[in-house]
Amino acid sequence: MEKIDRLSLFILNKVRLIRLINGKSAYQISLELGRSSNYVNNIESSSQSNKYNSADYPLLAEIFNCSISDILPPNDWPKSSSHEKVEKYVKSMVDENFVEQILMGIKESAHSNILLDEKALLKHLNVVNDEEKKVVRLVLNRIEK
């Protein structure tokens, strides 16, 4: 697993969350950023040290119709040395807490009706493997109660 600075890790996981809430693929975002087709996949890979360039932030905000502050850490986020590196832990669709954040984000978004159709939801999230499907179903059942 690669190491990157904490701020970059926060931003990549936040962008990943927003991307999934909005049902956008890594490929789509790469192209909308005007980058190579695997740009976002490389950023979201824990085996590569790639990270978003600060020049991407305004473009990401525009793509997701949000402000730059929506992809940055909150004001009370603990400060650290910009040189401090941490393990590049990219949140995944097998992490129940992350999936819950995604589904709650969808619930509060214009895409909320997608939660009513499991097949459409799985397509929206681009979920293809069985383990991810299992976690999405589990969390979906939990939040529906």
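Within segment 124-145, track down each residue that is surrounded by fewer than 17 Cβ atoms within 10 Å (Cβ to Cβ) and either in contact (Cβ under 8 Å) with a residue 60 or more places away in the chain or of a type in the set (Asp, Glu) (or both).
126, 130, 131, 144
Can you spot a residue in segment 95-109 that is touching a strand residue (DSSP E or B) at 6+ places or on another chain (Cβ under 9 Å), touching a residue at least 60 places away in the same chain (Cβ under 8 Å), on the phi < 0 side of the Ramachandran plot and not in a loop (DSSP other than H, G, I, E, B)?
no
Could you list, in sequence order, all residues of segment 23-52 that are touching a residue at least 40 places away in the same chain (Cβ under 8 Å) and among the small types (Gly, Ala, Ser)?
If the condition is that a residue be touching a residue at least 40 places away in the same chain (Cβ under 8 Å) and among the small types (Gly, Ala, Ser), then 23, 25, 45, 46, 47, 49 are the ones that fit.
Find the residue count for segment 86-100, including only residues that are surrounded by fewer than 13 Cβ atoms within 10 Å (Cβ to Cβ) and β-branched (Val, Ile, Thr).
So the answer is 0.
Might you let me know whether segment 16-39 holds any residue that is touching an Asp or Glu at 6+ places or on another chain (Cβ under 9 Å), surrounded by 16 or more Cβ atoms within 10 Å (Cβ to Cβ) and under 14 Å from residue 89 (Cα atoms)?
Within segment 16-39, one or more residues are touching an Asp or Glu at 6+ places or on another chain (Cβ under 9 Å), surrounded by 16 or more Cβ atoms within 10 Å (Cβ to Cβ) and under 14 Å from residue 89 (Cα atoms).
Name, by its number, the condition in (1) free of Cβ contacts under 8 Å to residues at least 12 places away in the same chain; (2) out of contact with any helix residue (DSSP H, G or I) (no Cβ under 7 Å at 6 or more places or on another chain); (3) part of a helix (DSSP H, G or I) that does not hold for residue 78.
All conditions pass for residue 78, except number (3).
Within segment 57-70, count every residue that is of a type in the set (A, V, I, L, M) and touching a residue at least 24 places away in the same chain (Cβ under 8 Å).
So the answer is 3.
Hey, does segment 74-85 have a residue that's surrounded by 14 or more Cβ atoms within 10 Å (Cβ to Cβ), over 15 Å from the mean Cα position of the chain (by Cα) and more than 25 Å from residue 125 (Cβ to Cβ)?
yes
Which condition number in (1) in a loop (DSSP other than H, G, I, E, B); (2) over 16 Å from residue 14 (Cα atoms); (3) in contact (Cβ under 8 Å) with a residue 60 or more places away in the chain is the one that residue 73 fails?
Evaluating residue 73 over (1) in a loop (DSSP other than H, G, I, E, B); (2) over 16 Å from residue 14 (Cα atoms); (3) in contact (Cβ under 8 Å) with a residue 60 or more places away in the chain leaves (2) as the failure.
Residue under question is residue 4, and the condition is that it be among the hydrophobic types (A, V, I, L, M, F, W, C) and surrounded by 18 or more Cβ atoms within 10 Å (Cβ to Cβ); does it hold?
So residue 4 fits the description; yes.
No value in this document is a laboratory result; all are computed from the given coordinates. Since the model is a prediction, treat every value here as computed from it, not as a measurement. Because the Cβ atoms are built from the backbone with ideal geometry, glycine has one as well, and the counts that use them run over all protein chains shown.
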